[in-house]
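The values are calculated or read from the model by the stated rules, or taken from the named source; none is laboratory data. Everything numeric in this text was worked out from a predicted model, so none of it was measured. Cβ: placed from backbone, ideal geometry, glycine included. Neighbour counts: every protein chain shown.
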Amino acid sequence: MTLPVVRQVVGELLRPARFFVAGGAGLSIDGPAEETWRFELLGGHLLAENMTRRRETFLAWHVSIRRPDDPHVADVHPPTPHGDRVVSVLAAEDCLHVVRHVLVYGHEAHEESPGVIVTRPARILSREFVGTAKLSRDENVVDAAGLKCELEELLRQAFTGASRLPITSVESPHPLFALGMAGWLSDARPEGDGPSRSAEELVGLCAEVVSGERARAASLLELALRAAPPDRAPLLADRLVEKARATAIIPLVKTLFHQLALTPYTGLGRRIVAFLDRLSRDNALGVEPVVDLVGYMLRQIGRHLTAFDLWTFHSFGADYPDLLLLDELLTWYLSQVESRPDLFLSSDGAVQRKLRLRRRALRQAWYFRRQYEGLAVPDVPTSPGDNQRVLPDAFPHLSDEEITQPAKRSKRLFAGRPLVVAPESAAHRVLRQSLRDLEEDDELRELGLALYLDRPLGCAKPPGHRDRTPLLSYEAVSRTIAAERLRDLRRLEMLSQAELDGHRERLAKLAVAGFALEPLPPRPRLGVVCLEDAFRLAADFVFLRTTRRSLDGLLSLYDLAELHARCPDVAAWLASGRDVLLIRTSPVAPGGPVELSAFDGAMQPRLSLTVPARHPETDYVEWRGREYVRDGMQAGPIGPDGTRVCWLTVKFNVEHKITRLAEPQSSDPDSGA
């Protein structure tokens, strides 16, 4: 690829019209200019400048957000060398690197007296490696469309973060995005040459792209909600209803929820609730779909808190934004129970399962809200990593002791706001019915149901290496945790002793078809979520299914044409089955092969996948900020008699994926259960 083409692609994607900048902040885009950087990647991470002597020369572009003059606008970039720099694009001979800059609390060397060097606290602009866009692949030159496709996603991730469950800093949203101050737009605003300035403009762009790529539209809507003052969130709902198809709005908001990162907690929950409340009042949508959507959110938060409870994970309860969002949603949900009890209680047998799901959301949310009341927490929800970032005064920098030592905390969660449901209220009737629902096996199982995540294609990487392989999520159930929840409900006087004894007896006999993790020895993966996290809570977790959304995301990245041609029944089941469990089934050693199996609802194997032994640096290909196995996987479909039908090679195909990006998305794959 020639340098003029590279200049043209980068210049197009870094036009001011492709950015959002709020308030009085200013945007500047510098370059291209030749620069020499201290630049070295180790395990997929960019080393700090003082940790490497390696130098490289690049053609560089820089995006900077200048500090606003308005003192009421968040000031997250105090004056430092290049302190307003946010994103850099660096062009080398064979690739483009995207690096973002985050201001953090650190230390710098200082000559206290002649010949005496000490360190002192300082604000440092930290460099974070987002990803690489290759200019050639397998000896073939990438065309301008392919380069643009890759660079678009990397620029988006530079602001929104690289993962929907941020563990490391680069997976988290940039502070400017989290605070609603800046973002990169996949599509340039239709008029003018400057950046977008209002949340209403973002909603208009969101409505234009929602039918094409829902994840991209959800990012625009998220940025709009972050940027808007709380009292303007209802107006954003009005504009979205005016511009977008009504049938697309609920799936859009569900997608936003799935990719939402809550730290730092900026009051986004209040904006989301105000936005949803206005949607429920719109005649085009009505209250019932919004009640179902909020119920879905509450159930999913409950499953997340079952998998990653605040005592074992979340820095001993220091990082608690999930509870704050649950509280905001539950408050609105209770108001709907009071005003429309018919949506939760009915004698119509045809809708009982739907009503039971709504009651399940209330029971689970009520349980977690009560369970964590009085928990010792820091003044603001944070983690050791987030606490290192320089944020506005509204997000104070906490001492390490307050984060890591609960005894040093003075604040109590929900202090002065106990959750009280009056005995004569409709909410009390619905809650009592939700407890009687525990006679149903599905409801009893829900008490111990968790949502775990894994990156199976990268689990053989050495510790500390960056892992951007596809993320799978799993439903898993533990009888031990379900039994603990029953005891808690008895302690909270929501169950009688006779009811407790009956439920415990049924729980012991409850049939659960799934895969137990006992054959897999625990192996900590620092900085990466994994199945083995379940061992930290209970040894009896049984994995039931891979969520359809995450499975579709993995399958869409590989070419399954040969599997469809040779074994259409297996391919069709894998592509649309509601009962697919694709999971690691053998121990993994660093650099070794990875064995996965796909089971159906009866736990019969239908497909085996083998990822060969590989080198962590050379045997993965990066595309759009994600990593894929360069030589693909070996797939072995398994017939009804349990024998392997054949061996196939499933490979990643860049050109195929570029074409797929332009295809409209299918309807939402989640059942909502």
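Do we have any residue at all in region 165-178 that's modelled with pLDDT of 85 or more, among the aromatic types (Phe, Trp, Tyr) and buried (at least 22 other Cβ atoms within 10 Å of the Cβ)?
Looking only at region 165-178, we keep the residues that are modelled with pLDDT of 85 or more, and these are 167-178.
Subsequent filtering for residues that are among the aromatic types (Phe, Trp, Tyr) retains 177.
Then keep just the ones that are buried (at least 22 other Cβ atoms within 10 Å of the Cβ); that gives 177.
Checked against the condition, which is being modelled with pLDDT of 85 or more, among the aromatic types (Phe, Trp, Tyr) and buried (at least 22 other Cβ atoms within 10 Å of the Cβ), region 165-178 yields at least one hit.
Just name the residue that is nearest to residue 475 (Cα to Cα) out of those in region 567-582 that are loosely packed, with under 15 Cβ neighbours inside 10 Å and not hydrophobic (A, V, I, L, M, F, W, C). Before the answer, list the steps.
Narrowing region 567-582 to residues loosely packed, with under 15 Cβ neighbours inside 10 Å: 568-569, 572, 576, 578.
Those left that are additionally not hydrophobic (A, V, I, L, M, F, W, C): 568-569, 576, 578.
Details: 568: 26, 569: 24, 576: 17, 578: 12 Å.
Top of the filtered list is 578.
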Would you confirm whether any residue within region 115-135 is surrounded by fewer than 17 Cβ atoms within 10 Å (Cβ to Cβ), free of Cβ contacts under 8 Å to residues at least 12 places away in the same chain and farther than 24 Å from residue 48 by Cα?
-> yes
Just for helices (runs of 4 or more DSSP H) wholly inside region 294-387: which have at least 1 residues that are at positive phi?
-> 314-317
Test residue 414 against the criterion of being in contact (Cβ under 8 Å) with a residue 60 or more places away in the chain, more than 19 Å from residue 492 (Cα to Cα) and not assigned by TED's automatic domain parsing to the domain that holds residue 101, and give yes or no.
-> no
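Looking only at residues in region 133-177 that are hydrophobic (A, V, I, L, M, F, W, C) and not in a helix (DSSP H, G or I), which one is farthest from residue 216 (Cα to Cα)?
At the first step, the residues of region 133-177 found to be hydrophobic (A, V, I, L, M, F, W, C) are 133, 135, 141-142, 144-145, 147, 149, 151, 154-155, 158-159, 162, 165, 167, 170, 176-177.
If we keep only those that are not in a helix (DSSP H, G or I) too, we end up with 133, 135, 141-142, 162, 165, 167.
Details: 133: 19, 135: 24, 141: 27, 142: 23, 162: 13, 165: 17, 167: 22 Å.
Taking the candidates together, the pick is 141.
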Close pairs from region 627-652: first touching a residue at least 24 places away in the same chain (Cβ under 8 Å) and surrounded by 13 or more Cβ atoms within 10 Å (Cβ to Cβ), partner aromatic (Phe, Trp, Tyr) and assigned to a strand (DSSP E or B), Cβ under 8 Å, at least 6 apart = 627/620; 628/620; 629/620; 652/623; 652/628
Hits in region 37-62 - residues which are modelled with pLDDT of 95 or more and of a type in the set (Val, Ile, Thr) = 57
Tell me which residues, restricted to region 5-29, are within 20 Å of residue 222 (Cα to Cα) and basic (Lys, Arg).
-> 18
Report whether or not residue 213 is free of Cβ contacts under 8 Å to residues at least 24 places away in the same chain, acidic (Asp, Glu) and either buried (at least 23 other Cβ atoms within 10 Å of the Cβ) or under 26 Å from residue 301 (Cα atoms) (or both).
-> no
How many residues does region 120-161 hold that are in contact with a Ser or Thr (Cβ under 8 Å, 6 or more places away or on another chain) and β-branched (Val, Ile, Thr)?
-> 3
Single match in 614, 624 (criterion: at pLDDT below 90, crowded, with 18+ Cβ neighbours inside 10 Å and out of contact with any helix residue (DSSP H, G or I) (no Cβ under 6 Å at 6 or more places or on another chain)) | 614
Yes or no: residue 379 of a type in the set (Asp, Glu) and buried (at least 20 other Cβ atoms within 10 Å of the Cβ)?
-> no
Of (1) assigned to a helix (DSSP H, G or I); (2) at pLDDT 95 or above; (3) of a type in the set (A, V, I, L, M, F, W, C), residue 403 satisfies every one except (2)
